[in-house]
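Below you'll find the structure, written out as structure tokens, and then a few comments.
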Amino acid sequence: MKNTLNAFSLTRQLLNFNTVNPPELEHECALSLGKILEEGGFKTDYYEFAKGRTSLIAKIEGKDNKPPLCFTGHIDTVPLGAVSWKKDPFKGETEGDKLYGRGSSDMKSGVAAMVIAALRLARERDNKAGITLVITAGEETGCKGAKYMAKQGTVLGEAGAVIIGEPTSNYPLIGHKGVLWIEALIRGITAHGSMPDQGVNAINKTAIVIDKLANYKFDTNPHPVLGLPTLNIGTISGGININSVPDKVLLEIDIRTIPGQNINNTIENLKTCLGIEVEISTIQKAEGIATNPDDKWTQQVFGIMEKYLDEKIIPKGITYFTDGSVLKPAYENPPTLILGPGEPSMAHKTDEYCYISKIETITEAYTDIAFNWCK
Ligand SMILES: [Zn+2]
């Protein structure tokens, strides 16, 4: 069994665990990975931000003082969605080069490949640096596992560089945007719908707020790779019934920030723009991250990936956020790249799949990256 374990077969094993978040638990999946890593010589520790919501840290040390290379990925997945799947989401069915299943792209294939690469390195003697694997729970609902571990003091250890195995189709990315989700509450005064002059119409007030948001300009220079922040009004709800003056409207606003943008300033600027009558509260925030493309290790990884992809790598980023928002600052900002075998276009989709050939490629590339850092 151990001899036949490769990144493809391990991805299929991970797909067999239903880790749909919510409501399922990551415990069994984390335990099975921990067992494989322990057999390979890793020291493992488990952390639960809630019962059964298990994250795993696995470490193997090197003989020098050089800090370890960190590979990180999450084992929870998003729900299956309302449309029924043609393939079983938990069986690891294949068709040609495609491996289907919830989490195949986002991102059990990435986790499997990093585990196999780490096990290969662990079989070597006299490694200068070690490897740390940070396998998280609860990423899809706000990086809960990563946040919990970052709060536990020193459990993460140190890291000299970080690879986040989120789906990038094997293209190394230097960063991603952050997120700021806010609620805007606009109040009015209710009255009978036949006597609107007796009340204050919250929907009419909201029309002005929406206009300001639609034309909102962020007070920040564009990031050279990630561009400008964006703002999207995701939901609007308000009103009581047709014959009352509405006294309340709630907007949910999705802002994608860029690295270096001061989130507190952004909130204050928005408050100033919308006026004191609009009550703003924060639902979720996570920092954007970026690594200097000229960083030495980053250039080495670009070189390795150019060999595998047979194309020149140019610095690019993504708009969605990852556990990197938590882990990069927790590790005191080492160079951090997002690089994984999944298809970004398949994340969260019905009949999610990833390409088996890309799992095999990234396993070799992760191995090269690990040997390059640790030997
Ligand atoms: Zn993901």
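The values are calculated or read from the model by the stated rules, or taken from the named source; none is laboratory data. Small disclaimer: the values here were computed from a predicted structure and weren't measured. Cβ atoms come from the backbone with ideal geometry, glycine included; neighbour counts cover every protein chain shown.
Identify the residue in the stretch 281-323 that is of a type in the set (Val, Ile, Thr) and touching a helix residue (DSSP H, G or I) at 6+ places or on another chain (Cβ under 8 Å) and, among all such residues, is nearest to the ligand (Cβ to nearest atom).
That would be Ile318.
Hey, among the residues in the stretch 65-82 that are more than 16 Å from the ligand (Cβ to nearest atom) and modelled with pLDDT under 95, which one's farthest from Arg120 (Cα to Cα)?
Step by step, filter the stretch 65-82, then rank; the result is Ala82.
Can you find a residue in the stretch 91-108 that is more than 16 Å from the ligand (Cβ to nearest atom) and farther than 24 Å from Ala347 by Cα?
no
Go through the stretch 221-262 and give me each residue that's assigned to a loop (DSSP other than H, G, I, E, B) and under 18 Å from Thr282 (Cβ atoms). Quick ask: steps written out before the conclusion?
Applying the first criterion (assigned to a loop (DSSP other than H, G, I, E, B)) to the stretch 221-262 yields 221-222, 224-226, 228-229, 239-243, 245-247, 258-262.
Of everything in the stretch 221-262, those that are assigned to a loop (DSSP other than H, G, I, E, B) and under 18 Å from Thr282 (Cβ atoms) turn out to be Pro229, Ile258, Gln261, Asn262.
Looking only at strands (runs of 3 or more DSSP E) that lie completely in the stretch 38-139, which have at least 2 residues being crowded, with 24+ Cβ neighbours inside 10 Å?
Counting at least 2 such residues, we get 54-60, 69-74, 131-136.
Only residues in the stretch 326-347 that are in contact (Cβ under 8 Å) with a residue 40 or more places away in the chain and assigned to a strand (DSSP E or B) count as the first member; pair them with residues that are acidic (Asp, Glu) and crowded, with 20+ Cβ neighbours inside 10 Å, Cβ under 7 angstrom, at least 6 apart or cross-chain, and list the lot.
Listed pairs, sorted by first residue: Ile338/Glu166.
Go through the stretch 134-170 and report how many residues are in contact with a helix residue (DSSP H, G or I) (Cβ under 7 Å, 6 or more places away or on another chain), away from the ligand (no atom under 16 Å from the Cβ) and either basic (Lys, Arg) or more than 16 Å from Glu332 (Cβ to Cβ) (or both).
So the answer is 0.
I'm checking my understanding of the structure. Among residues of the stretch 324-336 that are in contact with a helix residue (DSSP H, G or I) (Cβ under 7 Å, 6 or more places away or on another chain) and buried (at least 23 other Cβ atoms within 10 Å of the Cβ), which one is nearest to Glu306 (Cα to Cα)?
Checked the stretch 324-336; the qualifying residue nearest to Glu306 (Cα to Cα) is Thr336.
Would you mind finding the one in Asp247, Asp254, Asp295 that is touching a residue at least 24 places away in the same chain (Cβ under 8 Å), in contact with a Phe, Trp or Tyr (Cβ under 7 Å, 6 or more places away or on another chain) and surrounded by 15 or more Cβ atoms within 10 Å (Cβ to Cβ)?
Criteria check complete, one pass: Asp254.
Return the total of residues in the stretch 267-296 being more than 22 Å from the chain's Cα centre (by Cα) and of a type outside the set (D, E, K, R).
Here the count works out to 11.
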